[in-house]
Each structure stands twice: as C-alpha cells, then as structure tokens.
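The values are calculated or read from the model by the stated rules, or taken from the named source; none is laboratory data. The structure displayed is predicted, hence computed values, not measured ones. Note: ideal-geometry Cβ built from the backbone for every residue, glycine included; neighbour counts use all protein chains shown.
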Amino acid sequence: MTKTQSKITRDSALLALIQKLTETPGPSGQESLIRAAVLEEIKDHADEIRTDALGSLIARVGSKQDGGMRVMISAHIDEIGLMVTHVDANGFARFIAIGGVSPLTCIGGRVLFMNGARGVIGCERLEPNAMPTLDKLFIDTGALSKADCPVSVGDVCGFERPFLDLGAHLVAKSMDDRVAAAIAIQALRALKKTPHEVYFVFSVQEEVGLRGATTAAYGVNPDIGLAVDVTRTGDTPRGIKMEVALDKGPAIKVRDSSFIADPRVVNWMASSAEAAGIPYQLEVLEAGGTDGRAIQLAHAGVPAGCLSIPCRYIHSPSEMVSYTDVENAVRLLVRLLSEEIRLEYSPESAF
Ligand code: CO
Ligand code: ZN
C-alpha cells in the first residue's frame with residue numbers, strides 16, 4: 001500500500017499494473033506486445049488460455065456448475081494510433097488514423113512506432129482560426145530525407161506519454177481500455193470460487209469496429225456477457241451533458257450508440273452492487289460503442305451489458321480515471337462472477 005498526496009490508501013501493485021499496461025504500445029492490429037504483457041499477468045491464474053485467429057487472448061476460469069453460466073468478460077487491449085500513408089522527399093510521414101483520433105490532440109504529440117522509431121507530430125500553416133484536419137498533419141521522425149526515414153507506408157505508431165499518478169486520479173494515454181484490462185486481470189486473479197465458466201477476453205481491434213470481440217464472442221458462445229470499457233463523464237468545465245462523474249463508482253451502462261444493454265443484465269448488476277454496498281452510477285452515453293454490442297449480436301443473440309469506468313479526456317494522450325472507481329469496479333466484477341446470475345425484469349422500474 002502507498003500513501004499519496006490524497007488521503008486514499010492505494011495498492012501499489014495495482015498502480016504498477018496500470019502503468020505497465022498503459023505504457024505498452026498496441027494500436028489496433030498490432031497487439032502482440034500488449035497481449036504478451038497481459039499473458040504474463042494471468043498465465044498462472046487461469047484454467048485454460050488460448051489466442052484466437054484475430055489475436056484476442058481468451059482465458060477461462062472455472063467450469064460450469066449447477067446453476068452456472070458461460071460468461072464472457074471483454075476488455076479490449078488495442079488502442080488508437082496512426083498508420084503511415086506516404087513519406088515525402090524530405091522525410092515527413094503523412095498518416096491516417098487508426099480509430100477515433102482527433103487532430104486537436106495530435107499536434108505536438110509524440111509517437112512510438114512498432115519498429116521502435118520515434119517522432120513528433122507537426123502541422124502545416126493554417127488559415128487564422130482554421131481547425132486542423134488530419135491531412136494537414138505530419139510525423140517528423142528527424143529524418144533528413146525519404147531514404148533516411150525510419151518508417152514507410154503501412155507502419156503503425158501509438159502515442160507516447162508516460163503514466164501520471166495524481167493521487168486520487170490516474171492519467172495515461174490508453175486508459176481506454178488498459179484500465180479495464182487491469183480490472184479484468186485483478187478480477188481473474190481474485191476469482192476463487194465461481195459456479196460459472198468465465199471467459200476473460202482481452203480483445204483486439206475494438207477501436208476499428210469491435211472486430212476482436214466479434215470473433216471472440218462467436219467462439220466463446222456465451223450465455224451472458226459484459227464488456228468492460230471506459231465511458232465519458234459530464235464533470236469537467238462546460239463539458240458534455242451527462243450524469244456520470246469520476247469518483248462516484250463504476251458505471252453500469254444502460255445504453256450507448258452501439259447497443260442497448262439488456263435490462264435484465266442492468267438489473268442484475270445494479271442489485272448486486274447494492275447488495276454488496278458498492279457505489280455505482282447508471283450510464284447513458286450519447287455517442288460511443290463497446291464490445292457489449294459484439295457480444296449481444298453473437299450467434300442468435302446474447303444478454304449483454306457493460307461495466308464502464310468513468311474517464312475524462314477519452315482518446316487524448318491524457319485519459320484520466322479515478323483510483324477508487326477502479327477498485328470498486330474490481331470488487332463489483334468479482335462479486336458479479338462469484339454469485340448465481342438471475343436475469344429478471346425489474347417490476348418496480350421502467351425496465
Ligand atoms: Co476507445
Ligand atoms: Zn474503449
């Protein structure tokens with residue numbers, strides 16, 4: 001345990017895990033390093049581990065007992081990044097986005113290529129008050145010419161930014177979704193007794209359209225599933241209108257623009273949190289999607305939901321989460337997976 005500038009007591013092993021996972025590069029389609037890092041953390045704790053054709057890591061804990069279900073938990077291990085489209089004669093590399101990358105958070109940023117090359121992002125001269133677009137930006141690797149440039153067409157980079165510990169809040173470039181990978185790892189290790197066959201999926205290519213979770217959900221063929229992913233918050237100056245805030249507990253997703261969580265799953269999650277005295281918030285996200293959609297639409301359909309981690313500045317190089325929200329998310333996930341699952345519509349709510 002570490003004592004910090006805030007009054008919260010924190011688990012230094014959990015902090016180190018989040019730091020390790022967020023600082024490991026792994027843009028969509030290039031997940032081998034982060035997959036190896038996750039494997040290292042879980043290999044002594046799972047009953048069976050496999051990697052599917054797209055590269056998602058799938059770890060089973062427990063086997064189906066009486067009253068048990070096959071449960072899929074999905075946390076994506078890819079992150080947003082950039083891919084080189086061409087390099088000009090002077091060695092400046094142009095690029096496209098992998099996933100949702102804003103030009104506003106690119107300028108002045110630093111990138112790390114999967115081949116080890118580094119660079120910074122510059123911008124063409126813009127008209128006064130013009131908003132930059134990605135086609136006005138370029139990566140400067142310090143190359144003197146095209147021949148000297150350490151990267152070429154098709155090379156992929158992620159953003160490079162060290163983990164920052166602010167006490168009650170933690171900041172890193174890819175809390176989306178490595179904080180969820182850390183939560184899933186912690187839950188996997190803590191899950192001692194379960195009536196369920198739980199498949200922890202560390203999915204690939206979420207940021208380019210939930211692709212890893214799509215094939216993983218088909219392969220696992222779960223009875224029920226949850227994504228674990230970050231969600232936006234409405235708690236910053238003149239931010240979006242949204243009730244979710246940092247430090248008020250993990251959020252139980254009701255809806256985002258990719259799927260409507262199964263109301264029975266929402267009920268199960270909320271009543272379990274209440275029974276355990278774990279704080280939670282209900283989340284309605286206007287725009288954004290998660291692996292929950294891929295699980296819900298697998299085979300003939302699966303009851304699915306999402307455990308969300310409130311996160312400020314999503315898809316920027318400085319995504320911020322609350323330490324206590326992370327701990328409470330681990331507690332809630334372990335609780336959910338330890339008990340028998342009852343899927344019921346709530347008589348006293350709109351569900
Ligand atoms: Co994302
Ligand atoms: Zn995500």
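Here are a few things to note about the model shown:
- Meets criteria (in the same structural domain as Ser308 (by TED's automatic domain parsing) and part of a loop (DSSP other than H, G, I, E, B)) for Gly167: yes
- Hey, Ser316 surrounded by 19 or more Cβ atoms within 10 Å (Cβ to Cβ), in contact with a helix residue (DSSP H, G or I) (Cβ under 9 Å, 6 or more places away or on another chain) and within 22 Å of Gln19 (Cβ to Cβ) or not: yes
- Where strands (runs of 3 or more DSSP E) fall wholly inside the range 203-307, the ranges with 2 or more residues that are in contact with a strand residue (DSSP E or B) (Cβ under 9 Å, 6 or more places away or on another chain), farther than 24 Å from Ile185 by Cβ and at pLDDT 95 or above are 251-255, 281-284.
- Among the criteria (1) within 16 Å of ligand 1 (Cβ to nearest atom); (2) in a helix (DSSP H, G or I); (3) of a type in the set (Lys, Arg), the one Arg189 does not fulfil is (1).
- Note on the range 205-222: among residues that are within 16 Å of ligand 1 (Cβ to nearest atom) and crowded, with 24+ Cβ neighbours inside 10 Å, the one that is farthest from Gly81 (Cα to Cα) is Ala213.
- Filter result (hydrophobic (A, V, I, L, M, F, W, C) and in contact (Cβ under 8 Å) with a residue 60 or more places away in the chain) within the range 276-296: Ala294, Ile295
- For the range 238-252, the condition holds for at least one residue, the condition being that it is more than 14 Å from ligand 2 (Cβ to nearest atom), hydrophobic (A, V, I, L, M, F, W, C) and out of contact with any Lys or Arg (no Cβ under 9 Å at 6 or more places or on another chain).
- Within the range 290-315, if we keep just the residues that are among the small types (Gly, Ala, Ser) and over 13 Å from the mean Cα position of the chain (by Cα), the residue that is nearest to ligand 2 (Cβ to nearest atom) turns out to be Ala294.
- Every residue from the range 110-130 that is assigned to a loop (DSSP other than H, G, I, E, B) and of a type in the set (D, E, K, R): Glu124, Arg125, Glu127
- Selection count where residues are assigned to a strand (DSSP E or B) and surrounded by 15 or more Cβ atoms within 10 Å (Cβ to Cβ), scope the range 74-109: 15
- Across the range 119-148, the qualifying residues are those that are among the small types (Gly, Ala, Ser) and at pLDDT 95 or above, and the one among them that is surrounded by the most Cβ atoms within 10 Å (Cβ to Cβ) is Gly119.
- Leading residue by the ranking (surrounded by the fewest Cβ atoms within 10 Å (Cβ to Cβ)) among those in the range 23-46 that are of a type outside the set (A, V, I, L, M) and in a helix (DSSP H, G or I): Glu40
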